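Since the structure comes first, as structure tokens, the remarks are kept for the end.
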Amino acid sequence: MTRPFLEVQGLGKTYPSPQGPPLTVFRDVNLHIQKGEFVCIIGHSGCGKSTILNVLAGLDTATTGAVIMDGQEVAGPSLDRGVVFQNYSLLPWLSALKNVTFAVKARWPRWSRDKVAEHSYKYLEMVGLTGGAEHRKPHQLSGGMRQRVSIARAFAIQPKLLLLDEPFGALDALTRGVIQEELLRVWSGTNQTVFMITHDVDEAILLADRILLMTNGPEARVAEAVSIDIPRPRQRTSIIHDPNYYAIRNHLVEFLATRSKELAGTANPDGDDATPQVVQFPTQGFPRPVTPAAATKAPIGAPTSSAKG
Amino acid sequence: MTLPLRVRALILSGIFLALTLGLWELSHKAPAAAGEMTEYEMLMGAASEEAAVPPPSKIIAHAWAELSNPFYDAGPNDKGIGIQIGYSLQRVLIGYLAAAAVAIPVGFLIGMSPLMYRALDPFIQVLKPISPLAWMPLALFVIQDSEASAIFVIFICSIWPMLINTAFGVAGVRKDWINVARTHELGHLRTAVIVILPAAAPTILTGMRISIGIAWLVIVAAEMLVGGTGIGYYVWNEWNNLDLTSVIFSILLIGVVGMLLDMALARVQRLVSYAD
Ligand SMILES: Nc1ncnc2c1ncn2[C@@H]1O[C@H](COP(=O)(O)OP(=O)(O)O)[C@@H](O)[C@H]1O
Ligand SMILES: [Mg+2]
């Protein structure tokens, strides 16, 4: 059996609190991510998504569990894992170009100045940031352009794993749509593994191979992994015509609206060491309760109807 | 038609200046013409006239004469104003740069390490409020050299604002920028140079501006104490000569030089400031 590219085993984060019991933000997070996979994670604010991402990045440490990438345990930040935050990924005193070149220099310290510049330009070009804009400082760029620079930099250093924390969360809807497709275009030319946090259901369906759904915190967990089998290349305008699109979308919305709350604090029915349950569309007839009502009312093994004499 | 604010302010400044100088000039002439001379005044004659506050016209004429030949040197008690200012500037710059060379690295250390911050904080809190001139006797005794003692006093008075602002600026660098450095595997030194220094530079420069202002305030007093050369000594010396024209002229010059020092650092500050 080959090991997955990225393994997350039994990850949990607990904060001690001065008064009262310690606060467990999430626990028993088990994930397998394959090379080249684009994974999105959705969950309500505060359930611990950013914490998980920071642990993957090596910027934060988990209380329990481990992250293994390419057979090695993650024990600190590394150029093998690129990170794009919602804000402040760029250094405001450097031009867009310099924000990329400093990273490229850090990645390949022995490259010549020309090679660094050429490589940086190539990636800025991919996100359409050339023709003078590359010499501007971040505050002279629009929010969308800033995130384009962040994305160009993240791809330019060619990390094994790209971590995106709500990268488009601060953008207006129109800009977000454009830049999502740009991200898809840049990504499709690579075999880049991406782990991305989003709170936008449509964004997740457009981008992801798999969407992880988190229950509400505290004691949050990843409850489901929804496979998105809509063929690529995908476009915002065409994916809505996919026969499964609305079924997927409804499933996600319904999870966020009701089940994320109902499942809060519950354990994985497959066991604490198990990966989240897989959901596929069209649904392949596994015994999954369709309505929350059924989930709470039908104990395992109970007869579906009982005749009382 | 309304002029730009800058121009209107300039015109108003000109009017204030003209009014002040005009009133000053008139108030000087008036009593001499009106009152009769007392016996004492008649006795004192020329001396009392020299001791009176001179009119602006006299000061401007004096300034013209001094500034057209600022670097003459006719013995220890008669040097051009440029030479005196030069001595003061030299002391200020040596003391100030030495202070920067200590304050900025130590400020970095304090800013980056909460342990060091706590460990050094009591010392800073006690040393900071000491008037720089209070160090003078100790400096004179230990260093045994008035020149070096003056420089030491400049050093000790410039160090605190730079130290505190550097520590504050470094400690306040946004966590996300530090994370950018960490995810790019920048070492300690490169993190300091590529991320922390530029991020904290505006705050550090604010400290440097405060320091140069204090240093320039203190040098005048220090030179009055140690004597010999410098603009502070010059002011004191002219006072002893009862040459109030020179005293007022040098007071104004001290102000102008202080302003130029501040403007120079303000320019550097603009260079390193960034919008976030
Ligand atoms: N230092 C801390 N002490 C206690 N709780 C914390 C601390 N830092 C974060 N948390 C909690 O961890 C939870 C997860 O935060 P985060 O990972 O940012 O969530 P998300 O990104 O999903 O919105 C939040 O509910 C927050 O209150
Ligand atoms: Mg978050």
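Each value in this text was obtained by applying a stated rule to the coordinates, not by laboratory testing. Computed from a prediction, not measured in an experiment: that's the story for all the values here. Here Cβ is always computed from backbone atoms with ideal geometry, including for glycine, and neighbour counts include all displayed protein chains.
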For A:Leu163, are the conditions met, namely being in contact (Cβ under 8 Å) with a residue 60 or more places away in the chain and either within 16 Å of ligand 1 (Cβ to nearest atom) or in contact with a Ser or Thr (Cβ under 6 Å, 6 or more places away or on another chain) (or both)?
yes
Under 25 Å from A:His44 (Cβ atoms), among the acidic types (Asp, Glu) and under 20 Å from the mean Cα position of the chain (by Cα): does that describe A:Glu254?
yes
Among the residues in segment A:9-32, are any touching a Pro at 6+ places or on another chain (Cβ under 6 Å) and away from ligand 1 (no atom under 12 Å from the Cβ)?
yes
Would you point out the residue of segment A:36-55, among those that are within 14 Å of chain B (Cβ to nearest Cβ) and of a type outside the set (Gly, Ala, Ser), that is farthest from ligand 1 (Cβ to nearest atom)?
A:Val55
For B:Met259, all conditions in the list (1) in contact (Cβ under 8 Å) with a residue 12 or more places away in the chain; (2) out of contact with any Cys (no Cβ under 6 Å at 6 or more places or on another chain); (3) not polar (S, T, N, Q) hold save one; what is the number of the exception?
(1)
Whether any residue in segment A:160-173 is within 16 Å of ligand 2 (Cβ to nearest atom), of a type outside the set (Gly, Ala, Ser) and on the phi > 0 side of the Ramachandran plot is what I want to check.
yes
Being of a type in the set (D, E, K, R) and either part of a loop (DSSP other than H, G, I, E, B) or more than 16 Å from ligand 2 (Cβ to nearest atom) (or both) is the filter here, so list the residues in segment A:177-203 that pass it.
A:Glu181, A:Glu182, A:Arg185, A:Asp200, A:Asp202
Does A:Glu224 satisfy the condition of being of a type outside the set (Lys, Arg), in contact with a Pro (Cβ under 9 Å, 6 or more places away or on another chain) and more than 14 Å from chain B (Cβ to nearest Cβ)?
yes
With the first residue restricted to segment A:32-55 and required to be near ligand 2 (Cβ under 10 Å from one of its atoms), and the second required to be of a type in the set (Lys, Arg) and in a strand (DSSP E or B), Cβ contacts under 6 Å at 6 or more apart or on different chains are A:Thr51/A:Lys13
Go through segment A:46-59 and give me each residue that's within 28 Å of B:His184 (Cβ to Cβ) and either among the basic types (Lys, Arg) or in a loop (DSSP other than H, G, I, E, B) (or both).
A:Gly48, A:Lys49, A:Gly58, A:Leu59
Looking at segment B:156-193 only, could you name the residues that are among the hydroxyl-bearing types (Ser, Thr, Tyr) and more than 11 Å from chain A (Cβ to nearest Cβ)?
B:Ser158, B:Thr166
Between a residue in segment B:3-25 that is aliphatic (A, V, I, L, M) and any residue that is surrounded by 10 or more Cβ atoms within 10 Å (Cβ to Cβ), which pairs come within a Cβ distance under 6 Å, given they are 6 or more apart or on different chains?
B:Leu21/B:Pro56
Looking at B:Ile210, B:Ile219, B:Ile214, B:Ile196, which one is farther than 21 Å from B:Leu67 by Cα and within 14 Å of chain A (Cβ to nearest Cβ)?
B:Ile196
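Listed here are the residues, each with its yes/no results for (1) surrounded by 23 or more Cβ atoms within 10 Å (Cβ to Cβ); (2) in a helix (DSSP H, G or I); (3) touching a Lys or Arg at 6+ places or on another chain (Cβ under 8 Å).
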| site | (1), (2), (3) |
| --- | --- |
| B:Leu138 | no, yes, no |
| B:Val142 | no, yes, no |
| B:Ser158 | yes, yes, no |
| B:Ile164 | no, yes, yes |
| B:Val170 | yes, yes, no |
| B:Val173 | no, no, no |
| B:Ile178 | no, yes, no |
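Quick grid of which residues meet (1) within 11 Å of chain B (Cβ to nearest Cβ); (2) farther than 26 Å from B:Ala275 by Cβ; (3) of a type in the set (Gly, Ala, Ser); (4) in a loop (DSSP other than H, G, I, E, B):
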position: A:Leu90; (1), (2), (3), (4): yes, no, no, yes
position: A:Phe102; (1), (2), (3), (4): yes, no, no, no
position: A:Arg110; (1), (2), (3), (4): no, yes, no, yes
position: A:Lys115; (1), (2), (3), (4): no, yes, no, no
position: A:Glu134; (1), (2), (3), (4): no, no, no, no
position: A:Gln147; (1), (2), (3), (4): no, no, no, no
position: A:Ala154; (1), (2), (3), (4): yes, no, yes, no
Condition set within 25 Å of the chain's Cα centre (by Cα) and loosely packed, with under 15 Cβ neighbours inside 10 Å, scope segment B:54-69, selection nearest to B:Thr20 (Cα to Cα): answer is B:Ile60
Mind checking which residues of segment A:60-83 are assigned to a strand (DSSP E or B), of a type in the set (A, V, I, L, M, F, W, C) and at the interface with chain B (Cβ under 10 Å from one of its Cβ atoms)?
A:Val83
Hits in segment A:63-100 (condition: of a type in the set (S, T, N, Q) and either surrounded by fewer than 22 Cβ atoms within 10 Å (Cβ to Cβ) or within 16 Å of ligand 2 (Cβ to nearest atom) (or both))
A:Thr63, A:Thr64, A:Gln72, A:Ser78, A:Gln86, A:Asn87, A:Ser89, A:Ser95
Residue identified as under 30 Å from A:Leu161 (Cα atoms) and of a type in the set (Phe, Trp, Tyr) among B:Trp160, B:Trp216, B:Trp177, B:Trp239
B:Trp177
